[in-house]
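Following: one structure in structure tokens, then a few remarks.
The values are calculated or read from the model by the stated rules, or taken from the named source; none is laboratory data. Because the structure is predicted, anything quoted here is derived from the model rather than measured. Ideal geometry is used to build each Cβ from the backbone, glycine not excepted, and the neighbour counts take in all protein chains shown.
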Amino acid sequence: MRPLVLLWGCLVLPGYEALKGPKEISGFEGDTVSLRCTYVEKMKEHRKYWCRQGGILVSRCGDIVYANQDQEVTRGRMSIRDSPQELSMTVIMRDLTLKDSGKYWCGIDRLGRDESFEVTLIVFPGKRDNAVPAGTCCPSSPTPSFQPLTPTRSLQPKAKAWQTQLPEPRSSRPVVWLPLTTPQDSRAVASSVSKPSVSIPMVRMMAPVLILLSLLLAAGLIAFGSHMLRWRKKAWLATETQKNEKVYLET
């Protein structure tokens, strides 16, 4: 009886920490993540695989990809490689999407119950910002310096015109020149900004008046048209009466 129990335990019960790996990995959309599952020496010759956990009530392994020894196997955006010399299996997943989030298994195919290790993959939305590696220094961007225009007046003997001389830049930093604004320009800008705010209420106030005038005009046209129709009808009746009277007198 004892040999049967020992044989059943060897075939069914998994080995203690025969397969190890990270319990959770994460990345952003579009990233590439890799993980490494290690196993014990006695599992060196067994076939390794990577699969995604499926099923609702009973967990099952779907989309199984088996690894070859010292040879990378690629399926879609995922590749797997078994390195018996290092007693490890490497899995690489590229171009992550939100649908890739879920639970996966690092597994070893063996007689009886397979050795497996559950790994949870979390994919965050968006792309990772380009971070600056530690220990590197980036050149700082030059800070622009603002220098106002200082017009210098020089009277020429012939033309007698005022000239504005621009100061020469004395530093290598970029100089941002501010445009000059005169009182007339500021008034024009203020008037152009204030006009729409005044015209909009005026249009709103005049809209009911315009609608009322349109209705009155339409009513007047209708009344005039009906009056013309009645007048024409009366004129036609008068002419018909006169014709009838002439015919009666002739007879």
Scan of segment 85-100 for residues that are in a loop (DSSP other than H, G, I, E, B), surrounded by 14 or more Cβ atoms within 10 Å (Cβ to Cβ) and among the hydroxyl-bearing types (Ser, Thr, Tyr), ordered by number: none
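For segment 37-49, what are the residues that are within 18 Å of residue 112 (Cα to Cα) and of a type outside the set (D, E, K, R)? Spell out the reasoning first.
If we filter segment 37-49 for residues that are within 18 Å of residue 112 (Cα to Cα), which is where we start, we get 39-40, 42-49.
Across segment 37-49, the qualifying residues are 39, 40, 43, 46, 49.
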Subset of segment 45-85 that is within 17 Å of residue 22 (Cα to Cα) and not hydrophobic (A, V, I, L, M, F, W, C) - its residue that is modelled with the lowest pLDDT: 53
Cross-chain or 6+ apart pairs with Cβ under 7 Å, segment 13-36 first and part of a strand (DSSP E or B), then at pLDDT below 90 and surrounded by fewer than 12 Cβ atoms within 10 Å (Cβ to Cβ): 28/126; 28/127; 28/128
Residues located in segment 46-76, provided they are in a strand (DSSP E or B), closer than 19 Å to residue 36 by Cβ and of a type in the set (D, E, K, R): 47, 48, 52, 75
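Does segment 20-66 hold any residues that are in contact with a strand residue (DSSP E or B) (Cβ under 7 Å, 6 or more places away or on another chain) and aliphatic (A, V, I, L, M), and which are they? Please lay out each step first, then the result.
So the first thing to find is which residues in segment 20-66 are in contact with a strand residue (DSSP E or B) (Cβ under 7 Å, 6 or more places away or on another chain), and the list is 20-29, 32-39, 43, 46-54, 59-66.
Hits for segment 20-66 are 25, 33, 35, 43, 64, 65.
Criterion first (within 19 Å of residue 121 (Cβ to Cβ), part of a strand (DSSP E or B), of a type outside the set (D, E, K, R) and at pLDDT below 90) does residue 106 satisfy it? Walk me through how you get there before you give the answer.
On the way: within 19 Å of residue 121 (Cβ to Cβ): yes; part of a strand (DSSP E or B): yes; of a type outside the set (D, E, K, R): yes; at pLDDT below 90: no.
When the stated conditions are applied, residue 106 does not pass them.
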Selection count where residues are crowded, with 16+ Cβ neighbours inside 10 Å and more than 16 Å from residue 117 (Cβ to Cβ), scope segment 69-82: 3
Members of segment 89-105 that are hydroxyl-bearing (Ser, Thr, Tyr) and more than 26 Å from residue 45 (Cα to Cα): 97, 101
Residue within segment 47-68 that is without any contact (Cβ under 8 Å) to a residue 40 or more places away in the chain, surrounded by 14 or more Cβ atoms within 10 Å (Cβ to Cβ) and over 37 Å from the mean Cα position of the chain (by Cα) present: yes
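Would you call residue 114 buried (at least 16 other Cβ atoms within 10 Å of the Cβ), out of contact with any helix residue (DSSP H, G or I) (no Cβ under 8 Å at 6 or more places or on another chain), among the acidic types (Asp, Glu) and closer than 18 Å to residue 18 by Cβ? Lay out the reasoning, then the answer.
Values: buried (at least 16 other Cβ atoms within 10 Å of the Cβ): yes; out of contact with any helix residue (DSSP H, G or I) (no Cβ under 8 Å at 6 or more places or on another chain): yes; among the acidic types (Asp, Glu): yes; closer than 18 Å to residue 18 by Cβ: yes.
It is true that residue 114 is buried (at least 16 other Cβ atoms within 10 Å of the Cβ), out of contact with any helix residue (DSSP H, G or I) (no Cβ under 8 Å at 6 or more places or on another chain), among the acidic types (Asp, Glu) and closer than 18 Å to residue 18 by Cβ.
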